[in-house]
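Read the structure below first, then the notes.
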Amino acid sequence: MIKIEALVKYFGALKAVDGLAFEVNPGDVLGFLGPNGAGKSTTMKMLTGYLHPDSGYINVAGVDVVQEPALAQQHIGYLPEGAPAYGDMTVEAFLRFIGEARGMSAIACESAIKRVSEQVELHSVLARPIDNLSKGFRRRVGLAQALLHDPQVLILDEPTDGLDPNQKRHVRELIAGLAQDKVVIISTHILEEVMAVCNRVLLIAQGRCRFEGSPAELEALSPHHQAVSLHLPDRDIAADQAQLKTLPDVADVVCEQAQWLTVLPRAGAFVYPQVDQWLREQQITPQSVRVESGRLDEVFTTLTRPAADDVTGDDGQNGGGSGVGEGSDQPDIDQKGIDKKGIDKKGASV
Amino acid sequence: MTSTRGFHGLRALYKRELSGYFNTPLALVFMIIFVALSGALTFYLGNFYDRRQADLLPFFQFHPWLYLFLLPALAMRLWAEERRSGTLELLMTLGIPSYQLVLGKFLAAWTFAGLALVLTFPLWVTVNYLGDPDNAAIVTSYLGSWLMAGAYLAISQCLSVLTRSQVIAFILAVAVCFVLTLSGFPMVLDAFQSWAPGALVDAVASLSLMTHFEGLSRGVITFSDVWFFAVTMAVWLLANRCLLDMKKA
């Protein structure tokens with residue numbers, strides 16, 4: 001449905017997108033992940049035919065976007081960054097304008113407005129000027145506008161930015177529901193969102209692809225993947241740490257918090273049985289035990305670190321962590337542990 | 001499914017733009033100032049009564065000056081505002097060809113200018129009450145004035161695409177319109193006369209909006225004047241389209 005090959009875009013001397021290539025098929029929700037300034041929005045602008053690439057090939061729904069942008073745009077619903085809209089119009093007038101501009105008949109337009117205002121829950125504000133709406137409603141107006149012509153491809157640039165947790169959940173449910181027969185691409189720097197809605201992740205930094213795969217595969221890259229954390233109050237942590245290190249397949253044991261030990265496995269290994277056996281042998285009953293599925297922020301920081309040969313001084317690109325956590329309202333994004341109690345809260349924002 | 005053929009994009013944008021003027025106080029403020037200023041200029045600077053002639057020449061002769069400031073003010077937001085607020089990205093991904101975007105905005109602004117012109121009808125009523133004017137000539141002058149307004153708007157709209165700042169767009173447009181208004185007069189021609197070949201000086205002189213309006217303001221319609229304004233509009237709108245495609249990054 002979407003195919004991109006060797007995409008390159010320069011802004012002056014800056015190579016914003018550098019040889020990006022990927023494919024997205026129906027039913028996929030692709031998460032475009034990367035620090036601010038990584039080239040996410042630029043890539044989306046090229047996908048929607050707004051910007052011309054300097055070189056490369058883009059095909060959306062069988063149409064060459066560079067050659068026939070207007071035709072390709074009929075298959076695309078696009079929510080630009082910040083959900084821009086004409087503030088002086090009412091929601092209803094704005095949606096009607098979008099429908100008319102897309103060539104819908106008056107009847108089709110009315111029923112489409114009815115359908116999307118149900119989908120994103122806009123009925124209560126249809127008659128209000130967009131300028132007077134809250135950020136959450138404005139974002140929903142942007143979504144409604146993108147969905148109005150029932151496109152096959154949805155491209156959403158930071159769809160949940162600035163929404164409260166309830167609204168975020170609602171938008172994610174909406175995206176999950178739409179994904180059944182459409183292709184959805186969302187860009188985000190919120191790691192939690194990728195886990196929640198995407199079945200594929202493309203992580204980019206400095207305009208290049210740093211990772212492509214499923215969210216679970218991304219998590220598996222974390223040194224904390226399958227790590228076991230133990231809460232051991234009233235114990236000699238140093239002694240236990242030394243003992244745990246001797247267990248098979250243990251890469252390291254770290255103390256990240258007072259009276260907590262985290263056993264990091266070797267890549268691909270599963271250390272819970274050994275740790276469990278050791279606890280039994282020592283007759284220790286830890287106050288809590290959890291197995292981590294991986295810490296995305298850790299992976300994010302590692303993968304987006306500038307490569308040695310292309311260190312740039314651009315803001316938002318060094319170290320790669322600058323974008324993380326800005327919008328994450330739930331600090332425990334990286335934890336899919338068995339036990340959510342006493343979760344380490346400091347790991348979330350870098 | 002929607003289609004790329006037809007002018008639905010142009011029509012939708014035209015409707016939105018035109019109603020947009022009336023959604024904000026802009027329409028009211030603009031119309032009041034236009035009508036008040038054109039009246040004041042006619043009666044005070046134009047010596048409407050003292051001339052003792054039943055025509056609207058004192059009214060029309062000030063139109064280039066009125067347009068010089070008011071129409072760039074009307075057109076300055078056309079693209080600059082879209083670029084600043086990010087709606088340009090939305091507008092340009094709806095599958096509307098860019099020539100329709102340029103035309104839709106222009107036609108709406110031009111219609112609005114026409115409405116402002118129509119609202120000056122009390123002057124026409126006045127001159128008919130006071131004497132027996134050549135009404136055909138007045139209608140010609142009105143049409144000529146509207147044509148000239150189109151040229152000013154096309155220039156201002158084109159320059160609006162260059163910047164995100166409405167103020168810069170306004171100043172740029174006023175400067176360019178000023179030069180083009182007066183290019184038949186020594187103020188502009190002197191800058192060319194000393195170095196440029198005679199043909200270029202003549203070419204610059206022939207671009208003057210003022211000179212071409214001269215005949216029309218008296219109700220004399222000539223093909224060359226009408227052609228001049230039509231070509232001016234077409235050229236600036238074409239430039240607008242090219243710049244829009246170039247500048248959207």
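Derivation of every value follows stated rules applied to the coordinates shown; laboratory data play no part. Note that the structure is predicted; figures quoted are calculated from it, not measured. Positions of Cβ are backbone-derived with ideal geometry, glycine not excepted, and every protein chain shown enters the neighbour counts.
Using a Gaussian network model of chain B in which every pair of alpha carbons under 10 angstrom is joined by a spring, one finds that among B:Leu28, B:Leu237, B:Leu101 the greatest mean-square fluctuation is at B:Leu28. A crude spin-label estimate for the pair B:Ser85 and B:Val29, with each label 7 Å from Cα along the Cβ direction, gives 1.5 nm.
Of B:Ser160, B:Ser206, B:Ser145, which has the largest mean-square fluctuation in a 10 Å C-alpha GNM of chain B? Comparing B:Ser160, B:Ser206, B:Ser145 in a Gaussian network model of chain B, the most mobile one is B:Ser206.
As a length-normalised measure over Cα pairs under 8 Å and 6 or more apart, the relative contact order of chain A settles at 19 percent.
Comparing mean-square fluctuations of B:Ala173, B:Ala199, B:Ala109 from a GNM of chain B with C-alpha springs under 10 Å, the top value falls on B:Ala199. With respect to chain A, whose longest principal axis is taken over its alpha-carbon atoms, helix A:272-281 is tilted by about 30°.
With a Förster radius of 56 Å applied to the C-beta separation of A:Ala108 and B:Phe185, the computed FRET efficiency comes to 0.50. Along the axis of the charge dipole computed for chain A (Cβ charges of +1 for Lys and Arg, -1 for Asp and Glu, origin at the Cα centre), the listed residues A:Leu122, A:Pro223, A:Pro273 are led at the positive end by A:Leu122. The long axis of helix B:223-247 is offset from the longest Cα principal axis of chain B by roughly 30 degrees.
What separates the Cα centres of region B:30-57 and region A:278-292 is a distance of 95 Å. A Förster distance of 45 Å, applied to the separation of the beta-carbon atoms of A:Thr302 and B:Arg164, puts the FRET efficiency at 0.75. Applying 1/(1 + (r/R0)^6) with r as the Cβ-Cβ distance of B:Thr222 and B:Trp65 and R0 = 35 angstrom yields a FRET efficiency of 0.95.
Which entries of A:Lys15/A:Lys40; A:Lys9/B:Lys248; A:Lys15/B:Lys247; A:Lys135/A:Lys168; A:Lys135/A:Lys182; B:Lys105/B:Lys248 show an alpha-carbon separation above 21 angstrom in the structure shown? Table pairs above 21 Å Cα-Cα are A:Lys135/A:Lys182.
When only alpha carbons are used to place a centre, region B:194-230 and region A:69-145 end up 46 Å from one another.
Report, in debye and to the nearest 20, how large the dipole of chain B comes out about its Cα centre when Lys and Arg carry +1 and Asp and Glu carry -1 on their Cβ.
That gives chain B a dipole magnitude of about 900 debye.
Tell me which of B:Phe229, B:Ala173, B:Phe60 sits at the most positive position along the dipole axis of the protein assembly as shown, charges placed on C-beta atoms (Lys, Arg +1; Asp, Glu -1). It is B:Phe60.
Per residue, the average separation of C-alpha pairs within less than 8 Å and at least 6 apart gives region A:228-291 a relative contact order of 44 percent.
Among residues other than B:Phe112 whose Cβ falls under 14 Å from its Cβ, what is the net charge (Lys/Arg +1, Asp/Glu -1)?
On the way: positive: B:Lys15, B:Arg16, B:Arg77, B:Lys105; negative: B:Glu17.
Within the 14 Å Cβ shell, the charges total +3.
The chymotrypsin sites (Phe, Trp or Tyr not before Pro) found in region B:136-216 that occupy coil by DSSP, while having at most 15 further C-beta atoms within 10 Å, are B:Trp195.
Helix B:135-160 axis versus longest C-alpha principal axis of chain B: approximately 40°, rounded to the nearest ten.
In deg cm²/dmol, rounded to 500, what helix-only [θ] at 222 nm does chain A give when every DSSP H run of at least 4 residues adds -39500 (n - 2.57) and the total is split over its residues? Present the calculation step by step, with values, prior to reporting the outcome.
Numbers: 11 runs with 106 residues, N = 350.
Calculated from helices alone, the mean residue ellipticity at 222 nm is -9000 deg cm²/dmol.
Charges at C-beta only: +1 for Lys and Arg, -1 for Asp and Glu. How large is the resulting dipole of chain A about its Cα centre, in Debye rounded to 20?
On the way: 33 positive and 48 negative charges, 94 e Å.
For chain A, the charge dipole is close to 460 debye.
Of the GluC sites (Glu not before Pro) found in region A:189-255, none is in coil by DSSP with at most 15 other Cβ atoms within 10 Å of its Cβ. The share of C-alpha pairs in the protein assembly as shown whose separation exceeds 49 Å stands at 31 percent.
Between B:Leu130 and A:Ala13, the simple spin-label model (points 7 angstrom out along Cα→Cβ) gives 6.7 nm.
For region B:12-82, chymotrypsin sites (Phe, Trp or Tyr not before Pro) are listed when DSSP marks them as loop and at most 15 other Cβ atoms sit within 10 Å of their Cβ; the list is B:Tyr49. Sorted ascending by nearby beta carbons within 10 Å, beginning with the fewest, B:Val204, B:Val125, A:Val8 become B:Val125, A:Val8, B:Val204.
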